[in-house]
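Presented below is the structure to which this report refers.
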Amino acid sequence: MMIKQYPCCIRSYSSEYSSRYSGMQVASNLCARASTRTVYGDHQHALMFRVYHEWESQLPSKRSLTWAMDTNNFIECVFTIPVIPNKIEVYECFISGSITRISGISQEGRVFCYWHGTPNHRHRYNVFAKEIATADAVSTIIIETSSVGASYYSQIEAISLTGVKIPDPKANNDASKKNSNFYPHNTLLRFSETFHQSPLITVLPKEILLKIFSYLKIDDICRASRVNKLFLNLSFDPSLNSIINLKPLFLHINNNALEYFAGRGYFIKSLNMSWLGIKNKVSPSKACELIGVSFNLIDLRLSGCSFITPGVIQLIGTTCRSLKVKRHIISYIIVVRPTKIFY
């Protein structure tokens, strides 16, 4: 049976323009049907992200940070009934075309990317609709946006999920495992076999191998470290671990992943942990374990993290004594809700 539903609650988000108590332009406004009036304009009942635009690049607070200010936002919407998605619609009522990625999360925690692209901002009302072909039931949708190139803040009025209702989620469990696209082990196996068949890779100078590894993303380096002992030793090189940006992997990072990076904490100088903590995958204790061994941190980003506690803030002040923005950390934190902080 095909059903169309709107979010029943908002589990997590990166930012919202107003206070959640005001009810104006906040994330909770998405827990409603789309309006029948497709009027373009600045609406109070929509969600407007609080982001930093290019015209703020001249602010003194911007120039004091070596990390670029965030121009991306996300919102995690939970739906009442798990369905096999057929279509996702995002109703953009102001500065449309800011969507860059649409992902889904199953009840088992697997993440599926349905679409990704570049922003194309337009000054008109737009219903961003994407048809999906998948066999996995999901109950959570994550929308990511970008404000790069936009003339003002973008707004989303509603998000709808259309799909086939699944009576018994357990009956679809086996099929879901076969179609999962999270960390494809078959690709990793072929990658390993290819290098074992070519002994020349083991005789290349370390400098050349490190140069090749420097073009890889952090998740690709983690996968490559599982191929053989040579790649494992190379993955611990300080040149590959001085800058760790975990924000693009916020859907996948959990406590086990933080333990992995804790072994490289001594080499980390710049650490971006923004948006981590989806579905409470990251606990304050594991975050403290990573930050506690990162003695040489110069830059630290914790925008939109759900694991921040007073103990974590205290640990940052006592352990990370080389932070360039240490004196500004407490002053930049604005508590929006008990589990969220933003700069």
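Quick notes on this one:
- Pairs from Lys130/Lys281; Lys206/Lys281; Lys130/Lys269 whose Cα-Cα separation, in the structure shown, is over 30 Å: Lys206/Lys281; Lys130/Lys269
- For Trp115, the solvent-accessible surface computed with a 1.4 Å probe is close to 60 Å², ligands and nucleic acids excluded.
- Inter-probe distance in nm under a simple model that places probes 7 Å from Cα toward Cβ, at Glu108 and Ser22: 4.4
- Förster radius 45 Å - calculated FRET efficiency between Met1 and Ile243, Cβ distance, rounded to 0.05: 0.35
- Cut-off 9 Å between beta-carbons: net charge of the residues surrounding Ile84, Lys and Arg +1, Asp and Glu -1: 0
- Computed from Cα atoms alone, the Kirkwood hydrodynamic radius reported for region 257-308 is 11.0 Å.
- Hydrodynamic radius by Kirkwood, which averages 1/r over all alpha carbon pairs of region 91-131, in angstrom: 11.5
- For region 90-172, with all protein chains in place and a probe radius of 1.4 Å, 50% of the accessible heavy-atom surface sits on carbon or sulfur.
- Net charge of Cβ neighbours under 12 Å - reference Ile253; Lys, Arg +1; Asp, Glu -1: +2
- Ordered from largest to smallest accessible area (heavy atoms of protein chains, 1.4 Å probe), the residues Tyr260, Tyr266, Tyr91 come out as Tyr266, Tyr260, Tyr91.
- Met1 accessible area, 1.4 Å probe, all protein chains in place, Å² to nearest 10: 140
- Share of carbon and sulfur in the accessible heavy-atom surface of region 199-270 [1.4 Å probe, %]: 62
- Note on exposure: Lys247, Lys269 ranked by accessible area (1.4 Å probe, complete protein assembly) read Lys269, Lys247, with the most exposed listed first.
- Surface listing: Arg226, Arg124, Arg110 arranged by accessible area from highest to lowest gives Arg226, Arg124, Arg110, probe 1.4 Å.
- Net charge of Cβ neighbours under 10 Å - reference Ile278; Lys, Arg +1; Asp, Glu -1: +2
The values are calculated or read from the model by the stated rules, or taken from the named source; none is laboratory data. All values reported here derive from a predicted model rather than from experimental measurement. FYI the Cβ positions are ideal-geometry reconstructions off the backbone, even for glycines, and counts take in every protein chain you see. The area values use the complete protein model at the heavy-atom level, side chains included, leaving out ligands, DNA and RNA. Shrake-Rupley method; radii C 1.70, N 1.55, O 1.52, S 1.80 Å.
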